[in-house]
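The values are calculated or read from the model by the stated rules, or taken from the named source; none is laboratory data. Only a predicted model underlies this, so the values are computations on that prediction, with no experimental measurement involved. Reconstructed Cβ throughout: ideal geometry from the backbone, glycine too, with neighbour counts over all protein chains shown. Side chains included, ligands, DNA and RNA excluded: accessible areas come from the protein's heavy atoms. Shrake-Rupley method; radii C 1.70, N 1.55, O 1.52, S 1.80 Å.
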Amino acid sequence: RAKESGKNTYRVFTPAMNKRVTEWLAVENSLRKAVDLQEFFLHYQPKVDLGTGRIVGVEALIRWRREDGEIVSPVDFIPMAEDTGLIVEIGDWVFAQACADLGEILGMGYGIKMSVNLSPRQFRQKDLVGKIRETLEQAGIAPEGLIFEITEGSVMENEGKALALLGGLREIGAGISIDDFGTGYSSLYYLKQLPIGELKIDRRFVKDIMGRGDNVAIVVAIIAMAKSLKMRVVAEGVETVEQLQFLRRHGCDEMQGFLFSKPVAKEALLEMLALGVQLDAAVYRKSQQQP
Ligand code: C2E
Ligand code: MG
Ligand code: MG
Ligand code: MG
């Protein structure tokens, strides 16, 4: 790298930089081993319909339990997995596991959808649709039970290819959602052409709905836009009753957030489904518990 930057320039590695590189390599190494040792597991966060208050789906979220027992958040290893390409292997595992769990959930009679995140690198894979179809067949699951979450960046990186890929996913019957909506630079022109069924409003906008006026305007505008494009709109990161009321008032379709539930293990999810936990009852119960 230092050589590439030009004949007459020298890049000096300071001890601090050296330490960073060493740490980075150590993480990469243990991440590689984590794939072999199967140190990953999934949590599921419910998505709730704001009209009925019922769980209509879940988002699969990966966690990494390291050898020493420490649980690592995806924000601390997905970027590395993305850079090294390990995300492809990890993503295959996530998808297969999510399908297996969805099979079990559907088999128990709960008709919910499973949302799975696809990072830009995963999205760029050559035969993504074929691979997805194969995994679904092996798990005996209809593609209609799945929603793939992609970011605006994945789409805008190569609009033509995104159109073809999303078309392929839509053709087999799977749903498509734009994650963290409002943080990227997607053009409305392309969004309109893509077979997108859902927009997820980024947590950052939801967070200060009650504070700064400009975020209120953004959330209201995203909901209105989604409606006019006939897309479902989901708010992520809903933590307070005030946010919930605001979103309901403005016609948001679904919510996901700690107010209803944190991401939980499959067993806890099954318990919620068995109890038929509903949004308003859950919120009421929580408000009673708080001192
Ligand atoms: P994301 O797809 O936008 O997922 C939503 C994140 O918001 C999750 O963080 C979730 O725990 C968090 N969240 C949900 N509700 C609340 C809330 O009310 N308050 C707060 N403070 N946070 C809330 P998590 O699980 O740490 O995942 C972070 C990101 O890592 C995800 O963002 C996604 O981009 C990525 N990720 C997670 N699992 C996977 C995976 O299997 N594959 C890929 N490619 N990326 C993944
Ligand atoms: Mg997501
Ligand atoms: Mg999101
Ligand atoms: Mg997010």
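Scanning the stretch 174-223 for residues that are hydrophobic (A, V, I, L, M, F, W, C) and assigned to a loop (DSSP other than H, G, I, E, B) yields a total of 5. Looking at Glu152, Glu254, just one residue is charged (D, E, K, R), open to solvent by less than 50 Å² (accessible area, probe 1.4 Å) and modelled with pLDDT of 95 or more, and that residue is Glu254. Only one of the numbered conditions (1) closer than 28 Å to Lys286 by Cβ; (2) open to solvent by less than 50 Å² (accessible area, probe 1.4 Å); (3) more than 16 Å from ligand 3 (Cβ to nearest atom) is not met by Gln245, and that is (2).
Would you pick out the residues in the stretch 175-192 that are surrounded by 14 or more Cβ atoms within 10 Å (Cβ to Cβ) and away from ligand 2 (no atom under 14 Å from the Cβ)? Don't jump to the end; show me each part of the working.
Filtering the stretch 175-192 for residues surrounded by 14 or more Cβ atoms within 10 Å (Cβ to Cβ) gives 175-184, 186, 190-191.
Ser186, Tyr190, Leu191, listed by residue number.
If you check Val216, Val283 for being aliphatic (A, V, I, L, M), surrounded by fewer than 20 Cβ atoms within 10 Å (Cβ to Cβ), in contact (Cβ under 8 Å) with a residue 40 or more places away in the chain and more than 16 Å from ligand 2 (Cβ to nearest atom), only one passes: Val283.
Within the option set Asp202, Asp208, being touching a Ser or Thr at 6+ places or on another chain (Cβ under 7 Å) and under 18 Å from Gln256 (Cβ atoms) holds for one residue only, Asp202.
When restricted to residues that are at pLDDT below 80 and of a type in the set (A, V, I, L, M, F, W, C), the stretch 182-200 contains 1. Going through (1) within 15 Å of ligand 4 (Cβ to nearest atom); (2) open to solvent by less than 80 Å² (accessible area, probe 1.4 Å); (3) closer than 21 Å to Asn117 by Cα one by one, Arg204 falls short only on (2).
Working only within the stretch 232-263, note down all residues that are within 16 Å of ligand 2 (Cβ to nearest atom) and aliphatic (A, V, I, L, M). Within the stretch 232-263, Val233, Val234, Ala235, Val238, Met255 qualify. None of Thr240, Thr183 is among the hydroxyl-bearing types (Ser, Thr, Tyr) and within 16 Å of ligand 3 (Cβ to nearest atom) except Thr183.
Return the residue satisfying two criteria in turn: it lies in the stretch 4-36 and is at pLDDT 75 or above and open to solvent by 100 Å² or more (accessible area, probe 1.4 Å), and of such residues it is farthest from Gly57 (Cα to Cα). If we take residues in the stretch 4-36 being at pLDDT 75 or above and open to solvent by 100 Å² or more (accessible area, probe 1.4 Å), then Pro15 is farthest from Gly57 (Cα to Cα).
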